[in-house]
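To start, the structure itself, in structure tokens.
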Amino acid sequence: MDGRFLTRGGPEQSLAFVGSSVLPILGDAADLEALAHAVVESGVGPMSLHGRRDLVAHMWPALERGWGSAREYRASQFLMALRSPVDPTLVLEGTRPATLQEFDSVLAAAAAMYREELHSDPFEVGAGAPFRRRVARSVARGRTWVGIDGGEVFFKADIAAISSRVAQIQGVWVDPSVRGTGLGAGGTAAVCAALQKRGLTPSLVVNGTNEPARRAYKRVGMVDLVDYATVLL
């Protein structure tokens, strides 16, 4: 992941990561305000801000003064993780990494998820070229998992980041016509089971207002670990 760490007084006192977004990691209100000023003065951004709810709240006011108002401030999110083994009876059979031959169907599902989640059109910027590249890169790396029926994607999830111990799932989407049938929980369980076989702890961030998604993830066995927040620019 490209980016850099910023600190005020040393990494034991305060720390923030600045890459394609801003992630506050540690610090009190004064430290995080100073780091936010440093981010603005460096000339990067505007870019999204996300992390622990209290740290985001400390950092955002200074970023807002430099970058302007947020498009959306999601102050009620939860970082969830699965620490227990997946129940194999929950796993949706046939869920697997997508192939590049299925790119068009995957792109359509990814675009539908983007519009629903971010309330904007991914094809507006550069005729969609950056979005197409991101989707293609994820598929080529085996990071996009799908359930497909009749050539159409009805479930999709991306493995956005992997460390030596944890993997973050994002972009979970179920076709609206089959929501409420357990496919979201089953597909997520399949992705989690594959990650656990690699010795990784599955995690994801969910909006507190998305009760159906929270119920699905809890059914898989995920639990809330961190009160989270995201500011979209």
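The values are calculated or read from the model by the stated rules, or taken from the named source; none is laboratory data. Given the structure is predicted, the values throughout are model-derived calculations rather than measurements. In this analysis, Cβ positions are derived from the backbone assuming ideal geometry, glycine residues included, and neighbour counts consider all displayed protein chains. Note: accessible area is taken over every heavy atom of the protein model, side chains too, but ligands, DNA and RNA are not part of it. Shrake-Rupley method; radii C 1.70, N 1.55, O 1.52, S 1.80 Å.
The table for this structure:
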quantity: Which listed residue, of 132, 137, 96, is open to solvent by 50 Å² or more (accessible area, probe 1.4 Å), closer than 14 Å to residue 158 by Cα and either small (Gly, Ala, Ser) or out of contact with any strand residue (DSSP E or B) (no Cβ under 8 Å at 6 or more places or on another chain) (or both); calculated: 137
quantity: Test: residue in region 52-69 that is under 21 Å from the mean Cα position of the chain (by Cα) and modelled with pLDDT under 95; calculated: no
quantity: Filter result for residue 124 (among the charged types (D, E, K, R), out of contact with any His (no Cβ under 9 Å at 6 or more places or on another chain) and modelled with pLDDT under 95); calculated: yes
quantity: Among the candidates 153, 220, 174, residue that is surrounded by 15 or more Cβ atoms within 10 Å (Cβ to Cβ) and touching a Phe, Trp or Tyr at 6+ places or on another chain (Cβ under 6 Å); calculated: 174
quantity: Output for region 177-202, where each listed residue is open to solvent by 10 Å² or more (accessible area, probe 1.4 Å) and part of a strand (DSSP E or B); calculated: 201
quantity: Pick from region 156-169, criterion of a type in the set (A, V, I, L, M, F, W, C) and out of contact with any Pro (no Cβ under 7 Å at 6 or more places or on another chain), ranking: surrounded by the most Cβ atoms within 10 Å (Cβ to Cβ); calculated: 157
quantity: Count of residues meeting criterion [out of contact with any strand residue (DSSP E or B) (no Cβ under 7 Å at 6 or more places or on another chain) and surrounded by fewer than 17 Cβ atoms within 10 Å (Cβ to Cβ)] in region 203-217; calculated: 4
quantity: Pair list, Cβ < 6 Å and 6+ apart or interchain, from region 63-85 residues that are closer than 20 Å to residue 226 by Cβ to residues that are among the aromatic types (Phe, Trp, Tyr); calculated: 77/228; 78/228; 79/228; 80/217
quantity: Residue 110 being within 16 Å of the chain's Cα centre (by Cα), at pLDDT 95 or above and under 26 Å from residue 193 (Cβ atoms); calculated: yes
quantity: Residues that are touching a residue at least 40 places away in the same chain (Cβ under 8 Å), in a strand (DSSP E or B) and surrounded by fewer than 18 Cβ atoms within 10 Å (Cβ to Cβ), drawn from region 15-59; calculated: 52
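Residues checked against (1) in contact with a Gly (Cβ under 9 Å, 6 or more places away or on another chain); (2) part of a loop (DSSP other than H, G, I, E, B); (3) in contact (Cβ under 8 Å) with a residue 24 or more places away in the chain; (4) closer than 19 Å to residue 48 by Cβ:
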site	(1), (2), (3), (4)
145	yes, no, yes, no
153	yes, no, yes, no
159	yes, no, yes, no
172	yes, no, yes, yes
204	no, no, yes, yes
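Per-residue answers, yes or no, for (1) of a type in the set (A, V, I, L, M); (2) farther than 19 Å from residue 76 by Cα:
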position	(1), (2)
119	no, no
134	no, yes
149	no, yes
178	yes, yes
210	no, no
216	yes, no
